[in-house]
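What follows is a single structure, written as structure tokens, with notes after it.
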Amino acid sequence: MMSLQDKKFMRLAIEKAKEGIKKGQTPFGACIVKGDKVIACCHNLVWKNTDITAHAEITAIRQACKRLKRVDLSGCVIYSTCEPCPMCFVACHWARISRIVFGCVIKDAKNYGFNELQLSNLKLRQLAKNKIRITPAILVKENIKLFDFWQKQARSGAY
């Protein structure tokens, strides 16, 4: 069941993704929260930084570690507009993030033309014998709309 807190923080990630799209980035956002406090909220910076690893989740993890002055993000929850890719899942694992909450799934990103490895977070958790809690399908329709908004921006020549 979707909590009001999950909706609130997912909407922050969605708004950050929209901000990124308006700046010429891809339609992904992530928000890291501890308790009820936002630690980091970022969008993809892949194209801006010419850095294929600058996914929203990685950027948010980097920012959260700096703000908290530590690499252990135990007790933190990451809200991601799309199911984290394998690289981002592993970063969450290494950062010891306690819970991943996401909107749409990797297959949705693939359907919009992204070069995704279709390894679900549930499968990665199983392979890694990780205990990270995973909450899928939060505000799916709102997250799918990010891809449509991104395509419209690209078609309109906004970037």
Query raised in the report: Listed residues 38, 33, 90, 77; which is in contact with a Ser or Thr (Cβ under 7 Å, 6 or more places away or on another chain) and either open to solvent by less than 50 Å² (accessible area, probe 1.4 Å) or touching a residue at least 12 places away in the same chain (Cβ under 8 Å) (or both)?
Result: 77
Report task. Within the range 47-54, identify whether any single residue is open to solvent by 10 Å² or more (accessible area, probe 1.4 Å) and touching a strand residue (DSSP E or B) at 6+ places or on another chain (Cβ under 7 Å), and answer yes or no. Result -> no
Query raised in the report: Could you count how many residues in the range 94-111 are over 19 Å from residue 38 (Cα atoms) and either surrounded by fewer than 18 Cβ atoms within 10 Å (Cβ to Cβ) or aliphatic (A, V, I, L, M) (or both)?
Result: 7
Query - Search result, residues across the range 56-84 that are out of contact with any Pro (no Cβ under 9 Å at 6 or more places or on another chain) and either in a loop (DSSP other than H, G, I, E, B) or of a type in the set (Lys, Arg) (or both) - result: 62, 66, 67, 69, 70, 71, 72, 73, 74, 75, 84
Query raised in the report: Here is a list of conditions, (1) under 14 Å from residue 28 (Cα atoms); (2) free of Cβ contacts under 8 Å to residues at least 12 places away in the same chain, and residue 66 meets all of them except one; can you say which number that is?
Result: (1)
Report summary line: So, first residue under 18 Å from residue 79 (Cβ atoms) in the range 127-156, second residue modelled with pLDDT under 95 and exposed (fewer than 15 other Cβ atoms within 10 Å of the Cβ), Cβ within less than 6 Å, six or more apart or across chains; the pairs are 138/2
Report summary line: Going through the range 94-124 in order, the residues found to be assigned to a helix (DSSP H, G or I), over 14 Å from the mean Cα position of the chain (by Cα) and closer than 18 Å to residue 53 by Cα are 94, 110
Report task. Could you check, for the range 28-44, whether at least one of its residues is of a type in the set (Gly, Ala, Ser) and in a helix (DSSP H, G or I)? Result -> no
Query raised in the report: Pick from the range 115-149 the residues that are at positive phi and at pLDDT 95 or above: which of them is most open to solvent (accessible area, probe 1.4 Å)?
Result: 137
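The values are calculated or read from the model by the stated rules, or taken from the named source; none is laboratory data. As the structure is a computational prediction, the values presented were derived from the model and not from experiment. Ideal geometry is used to build each Cβ from the backbone, glycine not excepted, and the neighbour counts take in all protein chains shown. Keep in mind that these areas ignore ligands, DNA and RNA; they rest on the heavy atoms of the full protein, side chains included. Shrake-Rupley method; radii C 1.70, N 1.55, O 1.52, S 1.80 Å.
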